[in-house]
Amino acid sequence: MIQALEKNPAWKGRRGPLVLVIMDGVGYGKYAEGDAVLDAKMDSLRAMESGSPRTRLRAHGTAVGLPSDEDMGNSEVGHNAIGCGRVYEQGAKLVGRSIESGAMFQGAAWKKLLATVKAGASKTGGGAAGSPAGATLHFIGLFSDGNVHSHIDHLKAMLKRAAEEGVTRARVHILLDGRDVGEQSALEYVEPFEAFLASLNVSGRDYRIASGGGRQYITMDRYGADWEQVHRGWDCHVRGLGRRFASASEAIRTYRSEKPSVIDQDMAEFVIVDGDPASPGARPVGTIGDGDSVIYFNFRGDRALEITAAFEEEAFDKFDRGPRPAVEYAGMMEYDGDAHVPKQYLVEPPSIDRTMGEYLAASGVPLLAISETQKYGHVTYFFNGNRTGKFSEKLEDYIEVPSDRVPFEQRPWMKCAEITDRVIEAIGSGKYRFIRLNYPNGDMVGHTGVYQAVVAGLEGMDLQLGRLRAAVEAAGGTMLISADHGNSDDMFEHDKKTGAALRKAEGIYRVKTAHSLNPVPCIVFDPEGKGEYEEELRGGIEGKAALGISSLAATCIELLGFKAPEDYDPSVLVMKR
């Protein structure tokens, strides 16, 4: 059993609670053009920034357990790092290592999936007419090299291995990105991939793209925000329902010709058929049927749980699945360690233990975690080391504020006011010593690419920061302000050599909807500070940040009057002797 934290006898205490504010997707931009954080009128944030101890923290790449510093951070690994105080190797790195070593292909799940496919024929038409005997191996997932939810190289490696192991028929159901990569980059992935599949189609093999659509339109919902999105994906991938095309590249070109501004993530579903797509008799090349095997190849869990439930749950009531095919289903990783979802997976997730939340529960600290639906799982599940539930029912309260079910650019303020209402109420109650919250605006609105909306969302959030500041100051508390990664600080694509913002032929900026590689703020607002730590924090104001966001855990623990565990990454505070 985990031990209580050791109290710091030199800490003089505070009247009020510690409030950890995670401004999701808010970093320090590298370029002035396209930096919505710089453009936004954020007087409350800047007043605290200029009048408080502050530093910058790294929130991407190796600082959060990703393979290289070219990899952008994300909310999942960011909250893992903030919550556990250390850096664990994360999804992309674990999957890459498992593929390179061959461990994935020696695992029981992989062997079972392939054995099922090779054993018999699909009963409901998983493949095209005239295909060789044997069922179909299906792959569903985010189709890019964004390395946030998935990587196309992992998909290619699995297809190659399946071919080597005698799988004659495979189908790929692609979820277009346009979010972690360029907003209209789909053809840059699809066309080379179609050629890659053609190279595998020898010796009687039949490997094809079967269906697809934008990640924000089908399949990849999270936190139960929009089950209709998952329903559209199910009908498309499993039942072959949707607009028909002869190829994925034709589908993308057609949709783009009809609406040139459409971002890949918002593209409608498409189903690939044999023959003339206009013919009623044209047959989908890759419906999913009895005896098939299905791999959901995303390694990140939040946008994998709902489609997994549709495949796995017997008593499923979120939408009408029609006849549910009897398939062998596996995820790339275990998406929920407590609920053990999915039942089968290819790569073991990081085993994260001794999180800050667990230590605080053992130390008797009453706490509140709150956000709206879009980030509620991040301040709870991911913050607690991919653990569902609480460490202490008595000490911990979790609040989910339901998100609006409208495009984020239409409500860029999101639910930041409602979150703040509840937090101010919690501060006034005197019940909690630690409150953690996530404002999603900078990330969720940032992903839309609508610059004016991003600025509006940030300014709406800043109004709430001002309200929080007043409440914390009145209560004699402390506020630690930071972020899990950047996004809204880098809204345009830039020339890597000159730094100039890039424009399309018609003169408008080329929008960047992905996360940034920029450092994030770390501000300690401590109006009743009693001089226990130096004004200058670790990490460095200018240039490359020395510490990562994993240092926030030790910082919180010290601001609560405890000594951080010895193996936690160092606090930003330099404690006085």
What are the pairs, 6+ residues apart or on separate chains, where a residue within region 1-24 that is more than 22 Å from I549 (Cβ to Cβ) has its Cβ under 6 Å from a residue that is among the β-branched types (V, I, T)? R14/T478
Which number in (1) at pLDDT below 85; (2) more than 22 Å from Y28 (Cα to Cα) marks the one condition that V117 misses? (1)
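Residue by residue, here is whether (1) in a strand (DSSP E or B); (2) farther than 26 Å from I370 by Cβ; (3) hydroxyl-bearing (S, T, Y); (4) over 20 Å from the mean Cα position of the chain (by Cα) holds:
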site: I22; (1), (2), (3), (4): yes, no, no, no
site: G27; (1), (2), (3), (4): no, no, no, no
site: L38; (1), (2), (3), (4): no, yes, no, yes
site: S44; (1), (2), (3), (4): no, no, yes, yes
site: E49; (1), (2), (3), (4): no, no, no, yes
Selection count, region 321-351, where residues are within 20 Å of G286 (Cβ to Cβ) and modelled with pLDDT under 90: 0
Read through the list (1) out of contact with any strand residue (DSSP E or B) (no Cβ under 7 Å at 6 or more places or on another chain); (2) without any contact (Cβ under 8 Å) to a residue 24 or more places away in the chain, then give the number of the only condition that E534 fails. (2)
Among I352, I307, which is the only one that is among the hydrophobic types (A, V, I, L, M, F, W, C), under 24 Å from the mean Cα position of the chain (by Cα) and in a loop (DSSP other than H, G, I, E, B)? I352
Being more than 19 Å from K112 (Cβ to Cβ), charged (D, E, K, R) and either outside the structural domain of L66 (by TED's automatic domain parsing) or without any contact (Cβ under 8 Å) to a residue 60 or more places away in the chain (or both) is the requirement here; does D336 meet it? yes
Identify all residues within region 301-324 that are more than 26 Å from H378 (Cβ to Cβ) and either among the basic types (K, R) or touching a strand residue (DSSP E or B) at 6+ places or on another chain (Cβ under 9 Å) (or both); write none if there are none. R321, R324
Since E506 meets every condition but one in (1) among the acidic types (D, E); (2) crowded, with 17+ Cβ neighbours inside 10 Å; (3) over 30 Å from S363 (Cα atoms), which condition does it not meet? (2)
Out of the residues in region 490-532 that are in a loop (DSSP other than H, G, I, E, B) and of a type in the set (V, I, T), which is nearest to the chain's Cα centre (by Cα)? T513
List the residue pairs whose Cβ atoms are under 7 Å apart, where the first residue sits in region 403-430 and is at pLDDT 95 or above, the second is of a type in the set (K, R) and not in a loop (DSSP other than H, G, I, E, B), and the two are 6 or more positions apart or on different chains. T420/R467; I424/R467
Going through D495, D489, D526 one at a time, which residue ends up being surrounded by fewer than 24 Cβ atoms within 10 Å (Cβ to Cβ), among the acidic types (D, E) and closer than 21 Å to D43 by Cβ? D526
For region 486-499, how many residues are at pLDDT below 90 and among the aliphatic types (A, V, I, L, M)? 0
Under the condition of being modelled with pLDDT under 95 and acidic (D, E), which residue from region 146-187 is nearest to A92 (Cα to Cα)? D180
With respect to L57, determine if the residue is in a loop (DSSP other than H, G, I, E, B), touching a helix residue (DSSP H, G or I) at 6+ places or on another chain (Cβ under 9 Å) and in the same structural domain as P527 (by TED's automatic domain parsing). no
Does Y451 qualify as being farther than 26 Å from E528 by Cα and free of Cβ contacts under 8 Å to residues at least 40 places away in the same chain? no
Being of a type outside the set (S, T, Y) and crowded, with 23+ Cβ neighbours inside 10 Å is the filter here; which residues of region 350-376 pass it? M356, G357, L360, V365, L367, L368, A369, I370, E372, Q374, K375
Count - residues of region 380-408 that are farther than 21 Å from G16 by Cα, surrounded by 18 or more Cβ atoms within 10 Å (Cβ to Cβ) and touching a Lys or Arg at 6+ places or on another chain (Cβ under 9 Å): 7
If we keep only residues of region 191-218 that are in contact with a Phe, Trp or Tyr (Cβ under 8 Å, 6 or more places away or on another chain) and surrounded by 23 or more Cβ atoms within 10 Å (Cβ to Cβ), then the residue farthest from A248 (Cα to Cα) is G213
Of residues in region 553-563 being within 18 Å of A63 (Cβ to Cβ) and touching a Gly at 6+ places or on another chain (Cβ under 8 Å), the one surrounded by the fewest Cβ atoms within 10 Å (Cβ to Cβ): A554
Quick check on region 42-54. Is at least one of its residues of a type in the set (K, R), under 14 Å from P521 (Cα atoms) and modelled with pLDDT under 95? no
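The values are calculated or read from the model by the stated rules, or taken from the named source; none is laboratory data. These numbers were taken from a predicted model, which means no experiment stands behind them. Cβ atoms come from the backbone with ideal geometry, glycine included; neighbour counts cover every protein chain shown.
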